[in-house]
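See below for the structure under consideration.
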Amino acid sequence: MSDYTRLADAAKLKGIIDKSVIGKHKELQADPCTFFDRVKASLLQEMTKANVELRKRKAPILDQVHLPNFDEEIMLTYGTDSLCRVGRGIMRGGCRITAIISGPPNGYEISRREYLCKQEEACHEVLVINETQTKASALAPREVATDIIAGVLVGRFS
């Protein structure tokens, strides 16, 4: 025979643990700061400014592509060759934005840059991590957007 008192206690404890795990999971999915939204808005502004100059010179323009399954990412194209995928991630203590440029001749990754938001509350500045540099420098959302747009136009992050 089973001891239903012990089994009932175990079931109740499992329910409490499950609720705790669900709460933690929702916490991890939440955006800890509005940094990405500010960068996204700045990217669109910088893209508009760059397109004015590109049109004057009859060069290909920057455009934003929306893909249904990539709602938390921004896809920027330059002409028909280059694609820049800007995505956000959440890590302990802040946000991470990764910009990846892919392009010709095979569509593989050409260059990548990560921007880290180290301040938990405000995220007014971010740290840029370069592959070649060991030192990180702080940037505001507008500066991050300018850096990404410049990288797309040049074809790589310097």
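Results for (1) of a type in the set (A, V, I, L, M); (2) in the same structural domain as L54 (by TED's automatic domain parsing); (3) modelled with pLDDT under 85, shown as yes or no for each residue.
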residue	(1), (2), (3)
I100	yes, yes, no
Q119	no, yes, yes
I129	yes, yes, yes
A138	yes, yes, yes
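Give the residue that is modelled with the lowest pLDDT, with candidates limited to residues of region 6-36 that are among the acidic types (D, E) and within 29 Å of G87 (Cα to Cα).
Taking the candidates together, the pick is D31.
The values are calculated or read from the model by the stated rules, or taken from the named source; none is laboratory data. This one's a predicted model, so the numbers in the text were calculated from it and none came from an experiment.
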